[in-house]
Every structure is written in C-alpha cells, then in structure tokens.
Amino acid sequence: NGFLPGDRSPPSLPSLPIIGSLLSLVTDIPPHIFFQQLQNKYGNLYSLMMGSHKILIVNNHHHAKEILIKKGKIFAGRPRTVTTDLLTRDGKDIAFANYSSTWKFHRKLVHGALCMFGEGSVSIEKIICREASSMCGVLTESQNSAVDLAPELTRAVTNVVCALCFDSSYKRGDAEFESMLQYSQGIVDTVAKDSLVDIFPWLQIFPNKDLKILRQCVSIRDKLLQKKYDEHKVDYSDNVQRDLLDALLRAKRSSENNNTSTHDVGLTEDHVLMTVGDIFGAGVETTTTVLKWSIAYLVHNPQVQRKIQEEMDKKIGKDRHPQLSDRGNLPYLEATIREVLRIRPVSPLLIPHVALQDSSVGEYTVQKGTRVIINLWSLHHDEKEWKNPELFDPGRFLNEEGDGLCCPSASYLPFGAGVRVCLGEALAKMELFLFLSWILQRFTLEMPAGQPLPDLQGKFGVVLQPKKFKVIAKLRADWEKIPLMQHC
Ligand code: HEM
Ligand code: PLO
C-alpha cells in the first residue's frame, strides 16, 4: 500500500478538502512570525496543505541543515507558481528554476563571470568604491536636513550590479533608473506572495489586482532587459568580455557554433534575459534592503555607531578611504553586519524548496513533491540558540577579548546553504562592508529632532523590507575640510 514499516508523517495542521489549511492561515500576522508561533502547538516541524500542495514548515537548524546540506540534492527543487512563472518565463532563470542541467549550467556560468571581475582591470572593489564616493558626495550636500537615504543607497547598489551585468551606470534622476525603481517595487510587492492564485491556478481567469500589477511591472522590466540585450548584441566581440551579459552571449554563440541546439543546453534568448534579470533584481533588492536595515538599527543604537567609528578612527584614520583589505581589522563593523543579517534576514522563508524524491527529515517521512519552507526567522530568533533574540547586539558575534569574530550559534544561515546557496554572497558582503564603512567614516547618522525612530517591524514580501524613514547624515567633526577623493 506504499507505506514503509515505521512510516511517520510530521504533525499536520487541520485541513479541509480542496481549500486545505487555508482557513487557519487567514491572519494579519506576517507568515514567518505566524509559522514561528505555530510551533507552540505543532512542534518545530509540521506540515500543512495549501490547496492540493503539501507544505513542510521547518523551524530549527538541525532539520534545516539536513535538508539544505546533507540531503541538498534531494531537496533542490523549486515549485512552479503562477507569479514566478510570469516573472521568469516559466522558470528560465536561476532562483526560481527547478533543479535541472540548464539551471546547473547557468549557475556555473554566472558564478564564473562574477569571479572574473576579481581579476579584471576594473575590479569589483574599484566599482563599489567609485559608487561609495559618489554617494558620500551627495550626502555631503544634504547637511542638516532630514533625508530618505533609500534613493541614493539604491542608486549606488544598482550601479554596482549595472556595471557587472551591463557595463553601464545611472546618473541621479535618470528616467530609466526611476522606472526601474518603480517596476522593481511592484514586483517585490506582488511576486511569490502565496496569494490565492498560487494556491488555485484556475483563479487566474478572474480579474486579480496583484496579478495585473505584476504583469505590467514585468513587461516594463522585460523591455529594459531586451534593450540592454539588443545593444550588447550590436557591439559584441568574441575577444572582449565587458560584463555578465557578454559572458552569457559568448556561451550562447559558442553553443551555436558547435551546432548544439540552444534549446538543449537552455541558452535561448529567454534564458539569457531571465538570468541577467535575476542577478540584476537580486543584486539591487537584497543589498539595498540590508543597508536600509543597518541604518535603521544604527540610529536606534547610537552606541553601536560610536564603537564602529572608534574602531575605524584607530585602524584607518582620516588619511585614506576604507578598502576591502581592512575587513579583517574592523571586527566590530563585521559583527554589526552579521547581527543585522540575523535579526532581519532579507529572505525570512528563503525561496521554497521541493523534494525531488521520497525522503525523510529527522524521524519523519517526506513524500516526493512536498514543498519545503525553511523558516529562517525561527532559526535566527530561536531562544534556545540566542540570548534575547530580539535584542540588537553585535557583541554576540565577538570573541571574549572583543577583538575577533565568532559565531555563537549554528542556527544562522542568512544566505541559505548547500546547492541552492545564494550566488551573490561574496559580492553582497563586499558591498555591505564598503558602503557602511565609507558612510560611517565621514558621517554620523541621526534622527531629526522630534521624529519617531524608524519602525523595525518590516514589510513582508519576497524580501523583508523596512518602512520608509528619514535621517540626518551629519559630517563628523573635522571631516568638513577633508575632500572626497574620486577613487580609492
Ligand atoms: C538565493 C540571501 C544577495 C543572487 C538566495 C537565498 C537567500 C539569499 C536566503 C535563497 C537560498 C535558498 O533558497 O535556499 C541573500 C542575502 C543577500 C543576497 C541575505 C544580501 C545580503 C544577493 C546578490 C545576488 C544574489 C547581491 C546577485 C549577485 C542570488 C541568486 C539566488 C539567491 C541568483 C538563487 C540561487 C539558486 O536558486 O540556485 N539569496 N542574497 N543574492 N541569491 Fe542571494
Ligand atoms: C526583486 C525584484 C526584481 O525586479 C526581480 C527579482 C529577481 C530576483 C529575486 C528578487 C526580485 C528578490 C530577491 C530574490 C531574487 C532571487 C534571489 C533573491 C528572491 C524578485 C533572494 C533573497 O532569495
């Protein structure tokens, strides 16, 4: 009858036919917190039904690592959903593509192209410092007034991925940049929301506000990607590789020259477009979000800001800009970045995984096709693993002497782990370190008098974003006289 001896399913939420456990999920609480709370009733591993899909919710690091690392390949699948299919032309990207040889091939290609930049004449470090310098210039102009730093942070981060993907950049107020900001926010707000359409695909035949927004935003994004692609095709040369798009074009041409069908290896125009779209989208939304959270926590915790600045004054001084080689010398800043990634993970539920064959987790059996949600929020706020998990305390990542880094718990996976681990981890860490060190070397971030501190709740979506807030970036004493050099 298909049952093995000792077969055991995980605890399950009550479920009704067809609508599954939907009724118990109708709540205003954001899903990562709701799933964390359900542990009280069902334990840290439980399942629920969404429509006809069985979903396993994982709230502890032992099970998470068994799934992501030990059984990584078995759980490397991705579900197909209406919204992600719309965004990625049925999974022709990396992040939302199911496990396949095409996915593997594209991951390798992108990984190789990102590594290349370390060696090229224009290194990633130089690109980031160029943008950090431009951003600090703009902050200097807005002395003593409260500003929303988001547009400048986003422009800086966007220009880094723009350089990597398209060998281009945006000036302030650029119309294409403004339109990118708009469509990208629309996509973040609507994609991968476990909306009704993702549960009942047939609901698509009815008008749906979110789907309409998503369709419009995706169509604007696709035009932008197509324009970059067409421009690149015109002046492409086999001898120079300017950026990621060139690397993908080269791979596409070489498969065409070898007479392999681009369909077989998955190098159609759609695949190339969707893959750069992923890197561009991930590159912008994730890093910007972490920078915003960092600033929100820094204005909440001026003592943390002061400590970072003291460390920088001692180790770097005023005669030069921070550079990547300073990373080892600024443990308190590194610890602060780690703490921000713990307390407000960018992707609190990762991206859903799918079991590609029958398997097990802990003592429980898991059937092929089960969707697996790793609740990173539960891992990062587990009281058994972290002292006062809601307290922002970079010191928890420092050793006893306070001069080196440590990881106090294994329940920490901001970038995921295993075969589906984040492709941009190294890039994101470089950006976070350089942007924050450049800002804090020169400026102190403060709240305007009488303003409430930024909200730390966050808005759940495909990334967990902070709400808008304004701060004053005040030049530190003596820094008025020190000019910004154009390059580091
Ligand atoms: C996947 C976190 C920045 C590209 C992921 C996942 C997480 C994550 C949690 C999902 C892992 C899983 O499903 O198991 C972060 C964080 C970032 C960041 C916290 C910033 C601090 C970036 C950047 C890029 C990027 C800058 C682009 C260069 C990707 C891609 C995937 C991914 C392509 C999909 C990998 C796959 O499915 O095979 N990231 N990410 N990420 N990330 Fe990042
Ligand atoms: C962000 C909005 C863009 O317009 C499209 C896009 C592409 C890739 C997505 C990204 C969005 C959100 C963050 C994601 C990334 C792939 C990996 C990353 C989901 C939707 C994370 C954090 O997992």
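Just to be sure, is Lys467 outside any loop (DSSP other than H, G, I, E, B) and among the charged types (D, E, K, R)? Against the criterion (outside any loop (DSSP other than H, G, I, E, B) and among the charged types (D, E, K, R)), Lys467 does not qualify.
You will find that of Ala449, Ala417, the residue that is within 16 Å of ligand 2 (Cβ to nearest atom) and either free of Cβ contacts under 8 Å to residues at least 24 places away in the same chain or within 24 Å of the chain's Cα centre (by Cα) (or both) is Ala417 and no other.
The residue list Ser52, Ser133, Ser123 contains one member that is closer than 30 Å to Asn239 by Cβ and surrounded by fewer than 21 Cβ atoms within 10 Å (Cβ to Cβ), which is Ser123.
For the stretch 343-371, the tally of residues that are within 15 Å of ligand 2 (Cβ to nearest atom) and either surrounded by 22 or more Cβ atoms within 10 Å (Cβ to Cβ) or not β-branched (Val, Ile, Thr) (or both) stands at 9.
Does Ser437 satisfy the condition of being farther than 26 Å from Val161 by Cα and surrounded by 20 or more Cβ atoms within 10 Å (Cβ to Cβ)? No; evaluated as a whole, the condition is false for this residue. Just one of the listed residues (Val240, Val304) is more than 16 Å from ligand 2 (Cβ to nearest atom) and at pLDDT below 95, and it is Val240. Just one of the listed residues (Ser168, Ser142) is farther than 23 Å from Lys252 by Cβ, more than 19 Å from the chain's Cα centre (by Cα) and of a type in the set (Gly, Ala, Ser), and it is Ser142.
For the stretch 461-469, state whether one or more residues are under 30 Å from Pro352 (Cβ atoms), crowded, with 20+ Cβ neighbours inside 10 Å and more than 16 Å from ligand 2 (Cβ to nearest atom). No; the residues of the stretch 461-469 include none that is under 30 Å from Pro352 (Cβ atoms), crowded, with 20+ Cβ neighbours inside 10 Å and more than 16 Å from ligand 2 (Cβ to nearest atom). Taking the stretch 359-374 as the range and being farther than 14 Å from Ala64 by Cα and charged (D, E, K, R) as the test, only Lys368 passes.
Within the set Ala477, Ala417, Ala473, the sole residue that is touching a Phe, Trp or Tyr at 6+ places or on another chain (Cβ under 7 Å) and of a type in the set (Gly, Ala, Ser) turns out to be Ala473.
Applying the set (1) modelled with pLDDT of 95 or more; (2) among the charged types (D, E, K, R); (3) more than 25 Å from the chain's Cα centre (by Cα) to Glu383 leaves exactly one unmet item: (3). Based on what the data block shows, is Lys65 loosely packed, with under 14 Cβ neighbours inside 10 Å, modelled with pLDDT of 95 or more and within 19 Å of Gln357 (Cα to Cα)? So Lys65 fails the test. Where helices (runs of 4 or more DSSP H) fall entirely within the stretch 41-152, those with at least 1 residues that are closer than 27 Å to Tyr170 by Cα and touching a residue at least 12 places away in the same chain (Cβ under 8 Å) are at 82-88, 101-119, 124-141. Would a scan of the stretch 246-260 turn up a residue that is β-branched (Val, Ile, Thr), in contact with a Ser or Thr (Cβ under 6 Å, 6 or more places away or on another chain) and more than 26 Å from Ile124 (Cβ to Cβ)? Within the stretch 246-260, none of the residues are β-branched (Val, Ile, Thr), in contact with a Ser or Thr (Cβ under 6 Å, 6 or more places away or on another chain) and more than 26 Å from Ile124 (Cβ to Cβ).
For (1) within 15 Å of Asp278 (Cα to Cα); (2) away from ligand 1 (no atom under 16 Å from the Cβ); (3) over 24 Å from the mean Cα position of the chain (by Cα); (4) without any contact (Cβ under 8 Å) to a residue 12 or more places away in the chain, each residue gets a yes or a no:
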residue: Leu214; (1), (2), (3), (4): no, yes, no, no
residue: Asp222; (1), (2), (3), (4): yes, yes, no, no
residue: Leu225; (1), (2), (3), (4): yes, no, no, no
residue: Lys233; (1), (2), (3), (4): no, yes, yes, no
residue: Gln241; (1), (2), (3), (4): no, yes, yes, no
residue: Leu244; (1), (2), (3), (4): yes, no, no, no
residue: Leu249; (1), (2), (3), (4): no, yes, yes, no
residue: Lys252; (1), (2), (3), (4): no, yes, yes, no
residue: Asn259; (1), (2), (3), (4): no, yes, yes, yes
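Residue-level check: of (1) within 16 Å of ligand 1 (Cβ to nearest atom); (2) surrounded by fewer than 17 Cβ atoms within 10 Å (Cβ to Cβ), Glu334 misses just (2).
Scanning the stretch 307-323 turns up no residue that is within 18 Å of Met430 (Cβ to Cβ) and within 16 Å of ligand 2 (Cβ to nearest atom). The set of residues in the stretch 185-197 being modelled with pLDDT under 90 and touching a strand residue (DSSP E or B) at 6+ places or on another chain (Cβ under 8 Å) consists of Asp194 alone. Scoring Lys70 on the criteria (1) modelled with pLDDT of 95 or more; (2) within 13 Å of ligand 1 (Cβ to nearest atom); (3) exposed (fewer than 15 other Cβ atoms within 10 Å of the Cβ) leaves a single failure, condition (2). Name the single residue that is nearest to Ala296 (Cα to Cα) among those in the stretch 430-463 being within 16 Å of ligand 1 (Cβ to nearest atom) and assigned to a loop (DSSP other than H, G, I, E, B). Checked the stretch 430-463; the qualifying residue nearest to Ala296 (Cα to Cα) is Gly458.
The values are calculated or read from the model by the stated rules, or taken from the named source; none is laboratory data. A quick note: this is a predicted structure, and the numbers were derived from the prediction, not measured. Heads up, the Cβs are rebuilt from the backbone with ideal geometry, glycines too, and the neighbour counts pull from every protein chain shown.
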